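Inspection log for the structure reproduced underneath, given as structure tokens.
The values are calculated or read from the model by the stated rules, or taken from the named source; none is laboratory data. Predicted model only: the values in this text are computed from it and were never measured. As a convention, Cβ positions derive from the backbone with ideal geometry for all residues, glycine included, and neighbour counts pool all protein chains shown.
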Amino acid sequence: MAALLLVVLPRDDPRIVQLRQMSLDLLSPVLDVFSIPFVELREASMSARDLVALREQNMDLREENRNLKSQLDELTRARLLLSQYRKLLALPAEPNLHLVSARVIADLSSPFVRTLVANTGKMAGVEQGQAVLGNSGLVGRVVSSGRVSSRILLLTDFNSHVPVVALSSGVRAILSGTNSDNPELRYLPRKAKLKQGDLLVTSGDGGQMPIGLPVGTVQIDAEGNHSVNLREDLSQLEYVRVALSRELDPPPDIASPINGLDIGKLATSLAAKPDSAGAANE
């Protein structure tokens, strides 16, 4: 009878719809029971894939942990050697960075200007010229500061010029903004040998920026022009960190002894040696 109704009556007839729904109601418990094994099988398969993924992730984390421990040992040794060299040369220690976090509250960028406004200022110790960092590296510097706000000149701005150095080769240059996403390197030495992907950090030359802040990597086009792929995405900045300036300790007096050696007397004696040698020859 039901089959005859399905053939005679149209599909959208209310009686057909009601009959179909009644059939589903009657079969629903049976379908529910039959679906349980398939659900369990699907969940077991997903659990197996998750276990495999977790095992691979655990192996990757173990390998990363071993690498980090090795790097930590190398850094500890380098720090110890650096401390000994500083004592030997009586060099003043670089000040530790004191960072102040702030939220970006305005983007004043345009085709001709690349600046941001952050909600921190002189009340937090922020002054003109201080370096500004994001999560991954340098983003710019403070060009003006008010009581509770400051304006940040980004590295991509045409007026931004920051001394940098390549870690792999020691090549120094000036990172200059071009009002595009990739600043360029200027005043490179004639025989500078930079490689694609070389990491650039601030050199600290001129005292404008703290030394060693990560900036970006070198990009070389087909014509040999050098640009920089910044480590920080300047278009996605929500929070920044301002490196408050710290005064450096004054350099040692030239007359002060270093490890029992009087530098003043040594310099005087070295300066006098050519004259005495010349007098002996005469």
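Taking the criterion of being among the hydrophobic types (A, V, I, L, M, F, W, C) and farther than 15 Å from GLY177 by Cβ, the residues of region 97-126 that qualify are LEU97, LEU99, VAL100, ALA102, VAL104, ILE105, ALA106, VAL117, ALA118, MET123, ALA124, VAL126.
With respect to the conditions (1) part of a strand (DSSP E or B); (2) crowded, with 17+ Cβ neighbours inside 10 Å; (3) among the hydroxyl-bearing types (Ser, Thr, Tyr), THR156 lacks only one, and its number is (1). The C-beta contact set for region 119-137 (first residue charged (D, E, K, R), second residue surrounded by fewer than 14 Cβ atoms within 10 Å (Cβ to Cβ), distance under 7 angstrom, 6+ apart or interchain) comprises LYS122/GLY146; LYS122/ARG147. Scanning region 204-225 for residues that are of a type outside the set (Val, Ile, Thr) and at pLDDT 90 or above gives LEU213, PRO214, GLY216, GLN219. Taken together, the residues in region 105-144 that are β-branched (Val, Ile, Thr) and within 17 Å of the chain's Cα centre (by Cα) amount to 2. For the criterion of being more than 13 Å from the chain's Cα centre (by Cα), under 30 Å from SER149 (Cβ atoms), modelled with pLDDT of 90 or more and not polar (S, T, N, Q), VAL228 passes.
In region 95-112, the qualifying residues are those that are assigned to a loop (DSSP other than H, G, I, E, B) and within 30 Å of SER83 (Cα to Cα), and the one that is modelled with the highest pLDDT is LEU97.
For region 72-91, the criterion of being touching a helix residue (DSSP H, G or I) at 6+ places or on another chain (Cβ under 8 Å), surrounded by 10 or more Cβ atoms within 10 Å (Cβ to Cβ) and farther than 30 Å from GLU238 by Cα is met by at least one residue.
In summary, strands (runs of 3 or more DSSP E) completely within region 190-240 and bearing 1 or more residues that are in contact with an Asp or Glu (Cβ under 8 Å, 6 or more places away or on another chain) and surrounded by 13 or more Cβ atoms within 10 Å (Cβ to Cβ) occur at 214-220, 226-230. You will find that of ARG147, ARG141, ARG114, the residue that is in the same structural domain as VAL228 (by TED's automatic domain parsing) and either within 16 Å of GLY212 (Cβ to Cβ) or of a type in the set (S, T, N, Q) (or both) is ARG141 and no other.
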